[in-house]
Structure formats: structure tokens, C-alpha cells
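Working notes for the structure below.
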Amino acid sequence: MTSPAGRGTQTERSFQREREMSFIKKFIEQEAINRRNFLFASAMGAGGLAAATMFKAGPARAAIEDPAIAWSYRDRTNPYWNAIVSGGESFVESIGKSKADLINLINEGSSEKSLSDVKALLSKTNGKLALAIDTNDSPNARPVVEAVAEKGAFVSTLWNKTADLHPWDFGDNYVSHMAWSDVGPAEQTATILFKAMGGKDAIVGLGGIASNNPAIERRNGLDNAMKKFPDIQLLDYQAADWDTQKAATIMASYLTRFGDEIKGVFCANDTMAYGVLEALRAEGLAGQIPIVAYDGNAQAVDLIMAGELLATVYTNPYWGGGITAALAYHAAIGTFKPSEEPHEHREFNGPTILITKDDAENFKKQYVDATPSYDWKDFWGPSTGAITY
Amino acid sequence: MGAATGARRAGMFFSLVNPNFMSLRNFARIGISMTLPPLMVAVGVTFIIIMGSIDLSMEGAVAVCAVVFAAIFMWLGGTLASWAWLALPACIVVGALYGLLNGLVHVKLRIPSFMASLSMGFVGIGLSLLMTGGDRIRVEDKIFRSLLTERYFGFPLMVHVALLVILIAWFIQSRTAIGRNFYAVGGGEELAHASGLDVKRVRVLGFMLAGVFYALGALFAVAQIGIAETATGYNFMFVSITSVVVGGTALWGGNGGVWNTLVGVLIVNVINNGMIVMGLPRYLQDGVLGLLVILAGRPVDGSQIPRIREVSGPCLS
Amino acid sequence: MDKGVGMVFQEQSLIGNLTVMENIFLGFERQFVKFGIVDWKKMAAAARYQLAKVKLSIDPKMVTSKLSFAQRQLVELAKVLTLEERVHGDLVILLDEPTSVLAKEEVQLLFKLVRELRSRASFIFVSHRLDEVLELSDRVYVMKDGEVVDHVETSVATAESIQHKMVGHDINKEYYREEKQFAYDPAKVLVELDAISLAGKYKDISLSLHAGEVLTLVGTEGSGREAIIRTIFGMQKPQSGSVTVKGRKITTYSADAAVANGIGYIPRERKIEGIVAGMSVYENLTLSQMGRYSRFGFLRIGDEKALAREWIKKLSIKASSEYADCGNLSGGNQQKVVLSKWRSGGSDIILLDHPTRGLDIGAKEDVYEMVRAMSADGVGIILIADTLEEAIGLSHTIAVIKDGEIQKRFDGKPGHKPSLFDLIHYMI
């Protein structure tokens, strides 16, 4: 610590630590949405299509009686995945089994582990398996699905798969794929904001970590909405990295810079909205400037009820986790035949629930204060339609 | 003080770019917009840096203090008008204990301070995660939040409280034996030792004192955004150490002080705020701050180049 | 090294966590590298060849720190001898105090080796042990105060003749000032060392310091004088024996306990251990007496400044005011500040380690004055002097230390001063 070189190292350390600290934070808050990052990473490949057709015929197998049910995912230490797996457990209980009957395959962020775990389980169960999986990254989806199809087991995927990989290329064995798109809901919140402003005046925006896919999608949603409201001006849009404090700092600077010009705020998630709100509160402006956010956190719902937040969006991971397992299971036991279902039942977007003042109280009662009970056989009811590429 | 001129110059530059910049309302906002919590942390770490050590545990310490405060506060009633006020002294005590532990790990286990405190920082992050389960604790008591919302002379109440805290810090630095000892240890550990100072005790006390200021930083942070969470101390380490260095306190110890740090925090914030006002992209903003540290941290002349001491006995800095 | 000059240092230059062969070829590994990969077998073979030159049969893949000191010395020699292969022409090898840490048999082994290697290289041998010098070398250069005084062929030199050359003839009587020296009080013992030993530093040291006495430890660099002083100041705990200060046996060895016992330490490295540059005179003065100049932890700065003014006057310290930065004072005045730090704190045992080092004549004389004044005040002083003249002139008692042991005690009272020759005879 006494030499100049030592001081240099120290600065580096602090940079590095900053990175590490923010990693922890991001992990908690954003791990959830990172899943989406790889969704569109791979371009459509004709070769892939050709390969896929080889499996079209897949071993024809009659319905499996009492298949093993497994959920394969990263790990359970963050709330998002906790909710996913809780949904899976709820489904398992709904068919008269115990929570412990759901096999947890934890890939710890490794695609290799994800694949080898699946292969091991396939041979152990001799293909009598209903698998729900997030394959950790998009390219890994293909080998997983192929391994499952080869053994005649059934798989439903969540979040990650390449665009050229489709359930209908694998007969019945690749049951379904579900993901969420943030573009549409973000456009909706922006629209709500603009309408509240009377369709004119200026807003400021706060985005997530610039390279995060949800940050990009939500920004796109805002841009789409702005095209429909030509009188709305975007004064500035800066990344506050999903962080409350950073958002508060940036909002304070916005107030400095634009003062009373600001008539509305678009936030790419709830946690940043809290910071924005406190920066406004410091100026006595809380509740006077409309803010929209995203994620549907409990606190955001409260703020909507208190009139300090205009709208947010909930993606319901609990349902997503349950229904993915349910689809694989019911396809396996023959409740329905996937190959007879339309494409929009095999590749579809997960539900997003828009929360505004009108429905906040109801939402809180239904989703925050209690865990809703779902009909795990209503596979596609809450879906928002087919995934379009 | 050249640093003060620096802050003024930076302010003038940004006000040229954007005429709104230097209004009083804006200045107050610079004051509150996230300046005070890192300022408290920076004042705390100033003492450590004067001793020639470094403390990187602040983010963990702030997180733990904030979470413990909020938990006790909400548990005891959730408003200052009840027994929940006890959460304030409890938070300070937790900060002191955290610093004590930090200092003991450093001194007793003979782990260099940067490593000991870095690890303790992670311990703190983990601990607060464990306590909150990744959730946030909301503190919405109007009386407590009046630190942010009440204004006197155009400044939020917390600015006045912070000024008082800085005066106390200055008093500790210049009018108490322990303050003097920080400088002695930083000016020459061997010498302090050869003068009969219990250097280890001074070091541990220094970390404890810093912990108290981290706790104050945590309280301000919670008052500011009404949330206590693991991320409460996010980015405080970089901002506080940057500010201390930019203020002119040498990283090898023995000089500088609380006023330097105040000026450093102001410079960093004026520049930070200015960059946002100018609409500089986020990644460039961080880069500029990094450059600032490099420029401020280099030895200016020969006398400031740290001497290489003969290693005898525990080399702890 | 390119010129064919190799050095074997007293402070060994081998890197402990590397293997022997890595050390031997440190910086010259390229000869074993093929396609970016080190051929370890080849290196080991080459290392064995080098080790054979010094008759050392150890595994070159051993980690160096596991070797004994003597073995490491030989490895170092082997490393130097790699020059034979790299350099054309004559090889000169410098041996800087190579024997200081070796046992007698090891020294003989080394000498035997050096004699054998004389066919391959010339040696320059630096040592403070005259017997070794006479035994090993062909020619002796005598140096004193950075100058070559004389050189003689060993065949005609004797230990006595060399000692005389080392002493020189211009003994400066000024240092003596016998008339200014006061008698001390032999009844009042301040410090009593009872057979203290610390491996590698000193052995079986028994000394006593009386009120008003100036006790000087004389010896060469590394003879153990400094370690003894540091032990008295509580910075190094002896492995056996006991230290008694003012009738109380020391149980906890710490500097703050020593200060509490009235011991003041004026270290050799003023800037590192004496004053804090950047702190004012008054801040430096009270550094060792924080307790006295604070109440409930709050400083009594007014009293501190008054104290500083008093001592600036008393010792005529040339400082603009009590606020002056100690780092800007001259060496002599810095030394005065350090002295007043201890004296103002009431220390009556002062340990002086080279107090006049780096000072000019006038400043030195000031320091002598202060030493005598303290002695007159009944302060016990243990001195490590910068020169032998200083030692003789200032002391009541002189203990000559060599290789950590007391060789001889001289009574240095006025009229009974030992000569420089007497001292050197026992020093080396």
C-alpha cells in the first residue's frame, strides 16, 4: 500500500469490486430477466432445420404412465427462479404428488451440466420423463431437445431456444416453448403514461443496464409508443443500471437540467422508479409527475395504489413454472397430443399483467397477499399469443 | 486550497454548458442527490486513509447498518414517535461493531487492510442478503423522512445534520488524542510505535470510528430513498475513495483530512452531476471519474512519494 | 555481471520460494528455452554442474528456502560461477561479509573452496574479522571513513599493524572533554540486563545502567548492539534472561510499556522513527505523552504549544515557531526535537542510536552537550555512537560487543579512557 504501484492496484481493486458488488445486486434483481439475453442470439439456420427434420419421425411411443417430472434451471437463490420452481411444485401437488416428487436439476449456470444432467436422468428413467427446462443458453436447447426426443420423453422449454428450433419439428416430444416479450407491455405502459399526460409535453426516461435484453426491449416498447404520439418529446434517456440510488441521482440531474419541462417519467423497471420517486419527493413533486415502471413488485403495486406510480407490468413466473411442467406432463400421459395442437399452442409468449390504479387493489389481493391457485390444465388461457420472430 | 478552486471551476464549466446548472435549487439538489451518504462514508474512510491503511468494506457495512436499522425500526413501531427511535443508536452501534470486527481481523490476524476489509465487505453483503432474503425493507415514516423533505434555509434537513457531523469529524481529527494518533500512525508507523503508541489499538479504533460514519451514511441513504436493502451501499466505495483522493488526502497516509474530503466529494459530485446534465453516456461518466482518480492520486512532487520502509515486525498497512 | 564481476552478498540475494536451479539461472533461463518451453531436465543438469564446482551435492530442484544458510551461501557462489561459462576473460568475485553468519566449520569449508577456486577467479573479500582476512587474502586494503588508508601484503602484515592503520593517528581530542564529564551515581540502578539472549542477535548479555551514566555499546555493524537496545525498549523480546527497569522485572515487552517506564528511544533513522515529517513541533513533542496532554481523549492544545515553546527555548531549537513542520527542520534541530520529546515527557532512561549520524560538526557538538547535560541531570543513557572517538569521549562505561557477545568492558571515567586501539582489538 505504500508504493505508487500499490496505489494503482488499489484503484483497480475498487473498480473490480464495484463490478463484483454490482454483480451480486444484479444477480438478485436481474438474474431473472437475463435468461432472455440469448433468446434471439442465434440467427435462423437452414442447416438446423434440415437436422431437425431427421427427428420428425421420433420413436412413436404410447402415453407414458406416471412419468418422472423434472425442472431443470439455474439455481433457486433468487426470487424469480424461486417463483418458477414454486409454480412447478404447485403443479406437482395438484396431481396428488408431494413437492419432493419434482426432481430439481440445477445447472449452476453451466450449459454442459444442464445437458449432462438431462441425459443422466433420461437414461435413469429410461425415457419415462416429463421435463421442464430452461437450457441456460439458446444453443443448448437443441441438444437437450434431441436427447429427449431420442429417448421418447417429453420436454417443454422456457426462455432459451434458438429461433430455428421449433416444437413442431419433433412430433410430440418437444411439447412447447414459452418466453416473454417486453416490447409490447413496455409500449402499453408508455401509452398509459402519454395518455395521462394528455398526449403532449416532454418526458425523461431511465433505462436498465444498456446491454441487457429486457433493457433493450423495454426501450423499443417506449419508442414504438412514441411513434404513435408525435407530440411527446423525449428529453433524455439514460441508463440507471436498474439501481434505485443511481436512478435518484439521474432524476435529480434531470430536474436540474429540464426543470418544469418534465411532465412524465418512463422507467424500465420498478426499482429505478423508487429512486425517481424519491428524487421527486425531495422537490415536493412526488405524485405530481406520472411515472410508469415494469416488473410488478409488491412495493410498486403499493405505490400505484397510493397514486405515486401510474403503471407497472407483472410477468407471473409462478404460473410460467407450473404450466411448463404441466404441459410436459400432460403431453406425456396423453391428456393431449401436441402434434395436433396449432403452432401458437406450442410456441407462445407468457402472460403479462398490466397493473394500473384501477386493478392494483385487486392484483394485490390476488397475487401479493395470496398465491393464486391456478388451473394447471388451462395451458394456454393466460398466454398472450404466439412468439413472432 | 486548490481543490476548492477546482470545484468552482468545474461548476462554472458546466454552467456555461447549461445555464440552469448553478441555481440555488440546483445546488441544494447536488447536495442531496446522493451526496450525503457517500460523504459520510468518505469522511469515515478518511481517517483510515490518514492512518495509511485502506478500508473497502463500506458497501457491506452500509448494507448491514441500513438493513439492521430498518428491521429494528419497523419492528419497534416504524415511526420515530415510538420506541423505534432506538433503531438510530442501534444502527450506530452496529456500525461501530462492524468496524471493530474489521479492525480486529486486520490487526489480530495480520491481514493487510485492503484484503481484510474487502473480505469484510463481502461478509456484509452476504449478511444483509441473508437478513433480507434479497427483499427491500421500506421505511416510510414521515418524521424520519423529514430529513429529506423538510427544508431550512433552502436546504433539506439532512444537509444541516451532515454539516454538524462533519464538524464533529473535524473536531475528532484535530482536537482529540485519537485523531492526532491517526496522523502519527500514518506519518510513520515505526515512529508511532517507537513513541510508545499502541499502534494496533489506534488502528482498531480507526476502523471502529469509520464504522460509525458508515452507519451514519446508511441512515442518510435510507432517509433518502426510504428503502433499506443489500444494494443500499452500492457504488459508495468507488465514490468515497475517489472523493478522498481527489480531495488531496494521500493514500499512503499522514496528511489530508475531513475538509479535504468534503471538497473532494463536492468536486466529484459537481463533475458527476455535470456529466449527467451534459448528457454524457454512463460508461463515459465512469471513465472520467477513473481518470480523475489517476490524476489526483499520483504523487505531485518528490516529497509525496511514499518512502519504502524497512520491514520489521508486523507490516500492517 | 557482463564484465565478469560477480557478487556474493551478506544479505543473500537468492529468492526463497524458487528452486535452487531457478535461482542459479535467474535471468538467464533463455538458454534452456525451446519453443517457449523451459527444458527443466537440461536446466537441472546444468545446475548440477554448477553445484559440483562448489562441492555441493543437493537436488537442484529443491526449494531454496529449505537449505541451510551455509548451503545457500554456496548456491550463491555457484550462481556467480555461472559467469565462467558466459564471460570470456577474468572473473572477479566479490565476497561481502560472507562469514558473518556462518559457523566456524562452515567458514573453513568456504575458505577451502575459495582457495580451490582461485584458479578460476579472483576474489575480493570484505570482512570485519581480521583473522579471516589474514588467513584468506593475499593483499589487504585498509579502509577508514570511506578512504583507503593503506594496503599491505598479507605475508608481511599482522593483526596489530592492520589495527593501527585502522585507528589512524589523528585522534581528535575534542571529543573527550573529560573535564565536562560528571561522575554518575553507582548506587542507583536504572536498567539491569541479566543474561539475556536472542538467537542470531545477541547472547548472554548482562549489563547495568546507573543514574547519570553514559553506557556505550561498541561493536561493528550487525554485532548485536541495535538488537540489545530494541530489547530494552520492548520491541524485541529476549528468549532467555530478564530485563529489570527501576527494580521491576519486565514481563510484557512493548514499546508503550517501555515509555511508561520512562524509557525514551532516539532511533538511528530519524525520519522514520524519530519525527513525523508533516507534523508540527508541538505535535511531535507530545506524541509520546498523549495521555498527559489530553483529558478524556480531548487534546489540551494550549498546553502542548506552551511545552513546545519552552523546549524550543531550552534547547535553542531553530524553528520559526511551535507550528513549524518538523520535516523542514535541519537534522540537528530534528534531533533536538526528538530529545526534547523524551525529556519533556520525563524519561530518565534514554537510548541513543547513532544520534549524530548525518549531522555537521556544530550540530554534533550540540548533541554532545545535551548528552552531558542529561547525564548531569541523572539520566541514564545507553549510546550507540557513530564513531569510536565519540564513544570514548562521552561514556562512563564501554561494553565492546562482537558477534552478539560482550567481549570486554572498559571503564571510561575521565582519566581512565581506553584507547581506540583497545576497542578495535576486541571489536574485530
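Tabulated results
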{"quantity": "Contacts under 7 angstrom Cβ, first residue in the stretch B:147-160 being more than 11 Å from every other protein chain (Cβ to nearest Cβ), partner open to solvent by 50 Å² or more (accessible area, probe 1.4 Å) and among the small types (Gly, Ala, Ser), 6 or more apart", "calculated": "none"}
{"quantity": "Unmet requirement for A:ASN136, which otherwise passes all of (1) touching a strand residue (DSSP E or B) at 6+ places or on another chain (Cβ under 7 Å); (2) within 22 Å of A:LEU102 (Cβ to Cβ); (3) part of a loop (DSSP other than H, G, I, E, B)", "calculated": "(1)"}
{"quantity": "Only one of A:GLY287, A:GLY296, A:GLY385 that is open to solvent by 40 Å² or more (accessible area, probe 1.4 Å) and at positive phi", "calculated": "A:GLY287"}
{"quantity": "Residue list for the stretch B:286-299, restricted to those being more than 9 Å from chain A (Cβ to nearest Cβ) and at pLDDT below 80", "calculated": "B:ALA296"}
{"quantity": "Inter-residue pairs, beta-carbon under 9 Å, first within 14 Å of chain A (Cβ to nearest Cβ) and free of Cβ contacts under 8 Å to residues at least 40 places away in the same chain and in the stretch B:238-263, second surrounded by fewer than 24 Cβ atoms within 10 Å (Cβ to Cβ) and of a type in the set (Gly, Ala, Ser), 6+ apart", "calculated": "none"}
{"quantity": "Unique match (being outside any strand (DSSP E or B), at pLDDT below 95, crowded, with 23+ Cβ neighbours inside 10 Å and among the small types (Gly, Ala, Ser)) among A:ALA215, A:ALA210, A:ALA248", "calculated": "A:ALA248"}
{"quantity": "Selection count, the stretch B:39-74, where residues are part of a loop (DSSP other than H, G, I, E, B) and either of a type in the set (D, E, K, R) or on the phi < 0 side of the Ramachandran plot (or both)", "calculated": "6"}
{"quantity": "Pairs, first closer than 23 Å to C:GLU369 by Cα in the stretch C:182-193, second open to solvent by 60 Å² or more (accessible area, probe 1.4 Å) and outside any strand (DSSP E or B), C-beta under 7 Å, six or more apart", "calculated": "C:LEU190/C:LYS246"}
{"quantity": "Test: residue in the stretch B:75-86 that is closer than 17 Å to B:PHE207 by Cβ and outside any loop (DSSP other than H, G, I, E, B)", "calculated": "no"}
{"quantity": "Given (1) away from chain B (no Cβ under 14 Å); (2) open to solvent by less than 10 Å² (accessible area, probe 1.4 Å), number of the condition A:GLN233 does not satisfy", "calculated": "(2)"}
{"quantity": "Per-region count, the stretch C:298-314, residues at the interface with chain B (Cβ under 8 Å from one of its Cβ atoms) and open to solvent by less than 30 Å² (accessible area, probe 1.4 Å)", "calculated": "2"}
{"quantity": "Those residues of the stretch C:278-336 which are in contact (Cβ under 8 Å) with a residue 60 or more places away in the chain and either of a type in the set (S, T, N, Q) or more than 22 Å from C:VAL367 (Cβ to Cβ) (or both), in sequence order", "calculated": "C:GLN334, C:GLN335"}
{"quantity": "Options C:ALA199, C:ALA211; residue that is away from chain B (no Cβ under 11 Å), of a type outside the set (Val, Ile, Thr) and open to solvent by less than 50 Å² (accessible area, probe 1.4 Å)", "calculated": "C:ALA211"}
{"quantity": "The one condition in (1) among the polar types (S, T, N, Q); (2) touching a Phe, Trp or Tyr at 6+ places or on another chain (Cβ under 7 Å); (3) free of Cβ contacts under 8 Å to residues at least 60 places away in the same chain that A:THR312 fails to fulfil", "calculated": "(3)"}
{"quantity": "In the stretch C:223-249, the residues that are within 14 Å of chain B (Cβ to nearest Cβ) and not hydroxyl-bearing (Ser, Thr, Tyr)", "calculated": "C:GLU226, C:ALA227, C:ILE229, C:ARG230, C:ILE232, C:PHE233, C:GLY234, C:MET235, C:GLN236, C:LYS237, C:VAL245"}
{"quantity": "The stretch B:184-198, subset free of Cβ contacts under 8 Å to residues at least 40 places away in the same chain and open to solvent by less than 10 Å² (accessible area, probe 1.4 Å), residue farthest from the other protein chains (Cβ to nearest Cβ)", "calculated": "B:ALA192"}
{"quantity": "B:ILE92 vs. criteria at pLDDT 90 or above, in a loop (DSSP other than H, G, I, E, B) and away from every other protein chain (no Cβ under 11 Å)", "calculated": "no"}
{"quantity": "Filtered residues of the stretch C:273-314 (kept if basic (Lys, Arg) and in a helix (DSSP H, G or I))", "calculated": "C:LYS305, C:ARG309, C:LYS313, C:LYS314"}
{"quantity": "Checking C:GLY274 against (1) within 14 Å of chain B (Cβ to nearest Cβ); (2) open to solvent by less than 10 Å² (accessible area, probe 1.4 Å); (3) closer than 22 Å to C:ILE401 by Cα, the condition it does not meet", "calculated": "(3)"}
{"quantity": "Filter pass, C:ILE263 being under 20 Å from the mean Cα position of the chain (by Cα) and touching a residue at least 60 places away in the same chain (Cβ under 8 Å)", "calculated": "no"}
{"quantity": "Qualifying residue in the stretch B:171-183 (condition: over 30 Å from A:VAL276 (Cβ atoms), touching a residue at least 24 places away in the same chain (Cβ under 8 Å), away from chain C (no Cβ under 14 Å) and under 17 Å from the mean Cα position of the chain (by Cα))", "calculated": "no"}
{"quantity": "Residues of the stretch C:61-99 classified as among the hydroxyl-bearing types (Ser, Thr, Tyr) and open to solvent by less than 30 Å² (accessible area, probe 1.4 Å), total", "calculated": "3"}
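The values are calculated or read from the model by the stated rules, or taken from the named source; none is laboratory data. Here the structure is a predicted model, which is why all the values come from computation and not from measurement. Every residue, glycine as well, gets a Cβ built from its backbone with ideal geometry; the counts of neighbours run over all protein chains shown. Ligands, DNA and RNA are excluded from the accessible area calculation, which covers all protein heavy atoms including side chains. Shrake-Rupley method; radii C 1.70, N 1.55, O 1.52, S 1.80 Å.
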